[in-house]
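See structure below.
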Amino acid sequence: MRRQGAMRHLTDDLLIETYHKARELQLHDDFIFLISQELKRRDIASTSRLPEKLH
């Protein structure tokens with residue numbers, strides 16, 4: 001059985017907001033990386049609401 005991460009429970013909008021807030025607060029790079037990986041997994045990393053290059 002594959003374990004699912006907690007970020008899978010967030011809506012797309014909340015995940016994007018979390019990404020922006022984490023960057024604004026300069027949270028740990030590993031946390032921002034995990035968020036960006038989830039954005040890429042959902043294929044929303046290329047939306048105009050995000051910078052072109054994710055961590």
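The values are calculated or read from the model by the stated rules, or taken from the named source; none is laboratory data. Note that this is a predicted model, so its numbers are computed, not measured. The protein model used for the area step is the full one, side chains on, heavy atoms only, and it has no ligands, DNA or RNA in it. Shrake-Rupley method; radii C 1.70, N 1.55, O 1.52, S 1.80 Å.
Quick notes on this structure:
- What the phi angles of segment 6-11 give under the Karplus curve with 6.51, -1.76 and 1.60, with θ = phi - 60°, is a coupling list of 5, 5, 5, 8, 7, 5 Hz, glycine and proline written as x.
- Largest-first ordering by accessible area, 1.4 Å probe, given options 17, 38: 17, 38
- Extension gain from residue 6 to residue 23, taking 0.36 nm per residue of separation minus the Cα-Cα distance: 4.2 nm
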